[in-house]
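The values are calculated or read from the model by the stated rules, or taken from the named source; none is laboratory data. Everything numeric here is computed off the predicted structure, so don't read it as measured data. Heads up, the Cβs are rebuilt from the backbone with ideal geometry, glycines too, and the neighbour counts pull from every protein chain shown.
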């Protein structure tokens, strides 16, 4: 394992190893040599300097971050009786035990420490643990354009029977004007579509019961379908729990080389984009400097829910 003696540790450009030298960015070696924290024992500080030297950080700032992580790990290792050796401390089990302890600090700090310690393990161990494979994140489906939705509605109106025409139209309306997919889409009955609070609502039960305002451009189509079907399911036939119940309808509306296959998920994306435009979501996120909405859900609980008439006026008035 690389070591650094008292003389060569003061050289800002080089760290000497057993069989040669490795050139570091100016200031890195000085930063490593100067690491003597009050919160860590001399042995823990020495461990931190040793493993960070082996990792060859590319900047003083990076060296400081790695030294902090290694020093905290060494201090924790001493408290539980571990040897201050790379093969002992820089293992996945010890790192995980450390980041779950009270000594690791807040949740963001734990994540940073874990990332830096895993990096040190890969760079310092002779046989490092395999790097975790990055798994792709599922992306939102692309929305349809207004022209594409108009084409699907035209195809719905060209179906051979009134039943198919009404079901197909209802499927498009529930997806593009209320954002319904899956079980919620299949479970809607005609009686769940109501005029109320100055607009048209779809009343949903199940795990997330709510009243969804329907976009104004789809009111007439959806109300006609609801009146025809009454207490029957709008798109699911007799059994909403049967598998692939909407596939025949989707296939009947997927025609022509110039029109992509109809997907309920893309209809929902179209609805979400329309809602985002209606409430000015892009302008808000740009102004707030937000690029990912992950934490916005944590803040929603601090907001007061508007009454139904206000929600209908704010969201149901949008059209495509």
Within region 226-301, helices (runs of 4 or more DSSP H) holding 1 or more residues that are modelled with pLDDT of 85 or more:
264-279, 281-288, 296-300
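Among the residues of region 191-202, are any within 31 Å of the chain's Cα centre (by Cα), under 20 Å from residue 268 (Cα atoms), free of Cβ contacts under 8 Å to residues at least 60 places away in the same chain and assigned to a strand (DSSP E or B)?
Checked region 191-202: at least one residue is within 31 Å of the chain's Cα centre (by Cα), under 20 Å from residue 268 (Cα atoms), free of Cβ contacts under 8 Å to residues at least 60 places away in the same chain and assigned to a strand (DSSP E or B).
For region 163-182, enumerate the residues that are more than 18 Å from residue 213 (Cα to Cα) and in contact with a helix residue (DSSP H, G or I) (Cβ under 8 Å, 6 or more places away or on another chain).
So in region 163-182, the residues more than 18 Å from residue 213 (Cα to Cα) come out as 163-168, 182.
Answer for region 163-182, where residues must be more than 18 Å from residue 213 (Cα to Cα) and in contact with a helix residue (DSSP H, G or I) (Cβ under 8 Å, 6 or more places away or on another chain): 164, 165, 166, 167, 168, 182.
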Flagged in region 172-190 as buried (at least 24 other Cβ atoms within 10 Å of the Cβ) and not in a helix (DSSP H, G or I), in numbering order, are 180, 188
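When you scan region 131-140, do you find a residue that is within 30 Å of residue 27 (Cα to Cα) and at pLDDT below 90, even just one? I'd like the intermediate steps shown before the answer.
So in region 131-140, the residues within 30 Å of residue 27 (Cα to Cα) come out as 131.
Now drop any that are not at pLDDT below 90, which leaves 131.
Yes - at least one qualifying residue is present in region 131-140.
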Of the criteria (1) modelled with pLDDT under 90; (2) within 21 Å of residue 103 (Cα to Cα), which one residue 66 fails
(1)
